[in-house]
Amino acid sequence: MKNSVQVVIAEDSVLLREGLTRLLTDRGHDVVAGVGDAEALTKVIGELAAEDALPDVVVADVRMPPTHTDEGVRAAIRLRREHPDLGVLVLSQYVEEQYATELLAGSTRGIGYLLKDRVAEVREFVDAVVRVAGGGTALDPEVVAQLLGRSRKQEVLGRLTPREREVLGLMAEGRTNSAIARQLVVSDGAVEKHVSNIFLKLGLDRSDGDHRRVLAVLTYLGS
């Protein structure tokens, strides 16, 4: 992954948009555009794509003008459909299950959903932007907890031990095995064993490659 990523920010609050821009540029990343509504987001991505200068990731608010309902996330989903290599990280004031599930139901690469409160944790936010830009996932712990808690596939949930469900929740947040080990205060080997058991119980074999981590989460979400 590149050390520096190119970002387009779509946020109608000028203060928040400028704040996000400052956070990212101060850490060496390139904010190539900042817009205030979904129509402008679609337009700027189209222009950049036409110049063969598509950014690595879009950071977009779920709710944007003119109705402040779902314009942002709809634009994000549409852009991912048109540009599969474009990472999308959406920000929301609170967990909106329908939008989170629809976003995750598409491509399993380069997707993120964070609550705006997470922006205050600067390092975690910037790490999430970089991870999504590189094709990874970044799901807010609150999003994971709420979606997994209401999973339609409870019979699948029942196959896993409490510890395996805990590990899967941390996987869904986008954490690596080493990060999970630190969080749970266990060895890397113990986490690797739990992850292998999760893949086995969910019927995900090695042919699924690196996507198995995301596929495991999507299985829980009923996608």
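The values are calculated or read from the model by the stated rules, or taken from the named source; none is laboratory data. No experiment lies behind these values; they were computed from the predicted model shown. Every residue, glycine among them, receives a Cβ derived from its backbone with ideal geometry; neighbour counts consider all protein chains shown.
Within the bounds of the range 18-40, is there any residue that is farther than 28 Å from A172 by Cβ, without any contact (Cβ under 8 Å) to a residue 12 or more places away in the chain and among the polar types (S, T, N, Q)? Yes. The residues of the range 95-127 that are over 16 Å from D61 (Cα atoms) and free of Cβ contacts under 8 Å to residues at least 24 places away in the same chain, listed by number, are E121, R123, E124, D127.
Determine whether the range 77-94 contains at least one residue that is surrounded by fewer than 17 Cβ atoms within 10 Å (Cβ to Cβ), of a type outside the set (S, T, Y) and touching a residue at least 40 places away in the same chain (Cβ under 8 Å). Even if it seems obvious, please write down each step before you answer.
Going residue by residue through the range 77-94, those that are surrounded by fewer than 17 Cβ atoms within 10 Å (Cβ to Cβ) are 78, 81-82, 84-85, 93-94.
When the remaining residues are screened for being of a type outside the set (S, T, Y), the result is 78, 81-82, 84-85, 93.
Restricting the remaining residues to those that are touching a residue at least 40 places away in the same chain (Cβ under 8 Å) gives none.
No.
Take the residues in the range 160-178 that are surrounded by 14 or more Cβ atoms within 10 Å (Cβ to Cβ) and small (G, A, S), then tell me which one is farthest from L202 (Cα to Cα). Only one residue fits best here, namely G174.
Within the range 76-91, is even one residue in contact with an Asp or Glu (Cβ under 9 Å, 6 or more places away or on another chain) and closer than 15 Å to E142 by Cα? Within the range 76-91 (the criterion being in contact with an Asp or Glu (Cβ under 9 Å, 6 or more places away or on another chain) and closer than 15 Å to E142 by Cα), the answer is yes, since at least one residue qualifies.
Every residue, every condition in (1) at pLDDT 80 or above; (2) β-branched (V, I, T); (3) touching a Lys or Arg at 6+ places or on another chain (Cβ under 7 Å), yes or no:
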residue	(1), (2), (3)
P162	yes, no, no
A172	no, no, no
R175	yes, no, no
A181	yes, no, no
K193	yes, no, no
F199	yes, no, yes
D205	no, no, no
R212	no, no, no
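Restricting attention to the range 116-144, the residues that are farther than 25 Å from S187 by Cβ and either at pLDDT 90 or above or in a helix (DSSP H, G or I) (or both) add up to 16.
Look at (1) part of a helix (DSSP H, G or I); (2) over 19 Å from T137 (Cβ atoms); (3) without any contact (Cβ under 8 Å) to a residue 40 or more places away in the chain and you find that S4 fails only one, number (1).
Only residues that are surrounded by 14 or more Cβ atoms within 10 Å (Cβ to Cβ), within 22 Å of N3 (Cα to Cα) and of a type in the set (D, E, K, R) were counted in the range 31-69, giving 1.
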